[in-house]
Every structure is written in C-alpha cells, then in structure tokens.
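These notes concern the structure reproduced below.
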Amino acid sequence: MAGPVWDFDWAWKNINECYIFKATDGSGWAYKINDCNPDLNSPGWMIRLFYDEKFKNEVNCRYFDLRTNALSDETVFGMIDSMYNEVKNAQVKHFQKWKILGQNVGAPEVGTQPATYEGEVEKLKDWISTRFKWLDKNMLGKCATVNTNELVENTVIKIYPNPAKSMVNILSNETISALTQTKI
C-alpha cells in the first residue's frame, strides 16, 4: 500500500514525528520510517526496493528528469501560486470558521506555525526549496554518467535516459560550451 491519498500533505511538510523527518535541513529518507517504530509500518517491499541498485539508478534518472520540468522549482512554485490565487477568497472563510492559523494541527510539523495564509504558503515554499536542494545533492543511485579527460577532475556530466530514443537530458556542474551529435 502506498497511500492513502489524503496523506500527501505529509509528503510536503517537515513532520515532527521521527528523527528522519525532524531535520530542518531537508535531509532524510521516508522509506526508512520503520526505524522509528511508527503506528503504521511501511510495507517491506517498499523498503526493499531501495536495496536494489537498478531501482535506485532508475529513481535517480527519473528524479533528475522530472527536476527539469514537472518538479522544477518554477513549475512547482507556479502551481502553488496558481492554487494560492484559486483559493485566496475561500481561505478567508475557511480560517474564520476554523481558527487554526498559528496552530500545529493535522500533520505534526516542526517549528512555529505561520499566523497568516500568506505565511503558510511561504513556509511550504521554503520547505520544498530546502528539500529539493538536499535531494538534488543526495539522490540515491546514479544515472548514466560520463566523465571526459577535457573536463576538470570533479566535473560530472549526467546524460539520461540511457538508452535514449529521440531525446536525452544532460546535466553538468560545469558550463557545456559545445555538443556534437554522432550517429552510431
């Protein structure tokens, strides 16, 4: 079981329930939740997947592919801003009826809770930004990596997917000045 869908709010917050989630630097892996003896355990197969190198490598490739589009900061924050505008008027009535601004309700979050709707949105954006930065540096697995002699020793170029059909993604921690396409 990988749900329930109504708990997705826990995926986008810094949860204060286990050492894995209390880190305010965005670190930690949720698949290790069973180490905290939770009320509901993660199924063993979900944990076992991350012992498989091929699976970790595929997750790495998929994550960095999504970071260039659907999970880019621009796309994610654009979606948040869109939802912010969509519920801007409704949230006033919501918080008049449910006086929960500034309180820690629902998912038990780390830190103080904002006293305004705008503060809630900014806290969410700050957390997502922090989490993405950590994931970008620490993602499990390795995607197809190419190092060339022409580059500085610590330069890494990631090219994926591998194999590719019509499009490849190229990530580099150095500026790429030229690309040449070669037919095989």
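The values are calculated or read from the model by the stated rules, or taken from the named source; none is laboratory data. These figures come from a predicted structure and were not determined experimentally. Ideal geometry is used to build each Cβ from the backbone, glycine not excepted, and the neighbour counts take in all protein chains shown.
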State which residue is surrounded by the fewest Cβ atoms within 10 Å (Cβ to Cβ) when the search covers only the stretch 40-85 and only residues that are of a type in the set (Ser, Thr, Tyr) and over 18 Å from residue 128 (Cβ atoms). 51
Counting only residues that are closer than 16 Å to residue 67 by Cα and not polar (S, T, N, Q), the stretch 168-181 contains a total of 3
Could you please find all residues in the stretch 158-173 being of a type outside the set (A, V, I, L, M) and surrounded by 11 or more Cβ atoms within 10 Å (Cβ to Cβ)? 158, 160, 161, 162, 169, 172, 173
In the stretch 118-146, the residues that are of a type outside the set (Val, Ile, Thr), outside any helix (DSSP H, G or I) and on the phi < 0 side of the Ramachandran plot: 139, 140, 142, 143, 144
Just need a number here: residues in the stretch 93-117 that are under 27 Å from residue 27 (Cβ atoms) and either of a type in the set (A, V, I, L, M) or not in a loop (DSSP other than H, G, I, E, B) (or both). 4
Filtering the stretch 74-92 for residues that are more than 30 Å from residue 160 (Cβ to Cβ) and assigned to a helix (DSSP H, G or I) leaves a count of 9
Quick check: is even one residue across the stretch 43-55 among the basic types (Lys, Arg) and at pLDDT 90 or above? yes
Look at residue 162 and say whether it is assigned to a loop (DSSP other than H, G, I, E, B), at pLDDT below 75 and under 18 Å from residue 60 (Cβ atoms). yes
Checking the conditions here, which among 71, 66 is under 30 Å from residue 167 (Cα atoms), under 24 Å from the mean Cα position of the chain (by Cα), of a type outside the set (Val, Ile, Thr) and not in a helix (DSSP H, G or I)? 71
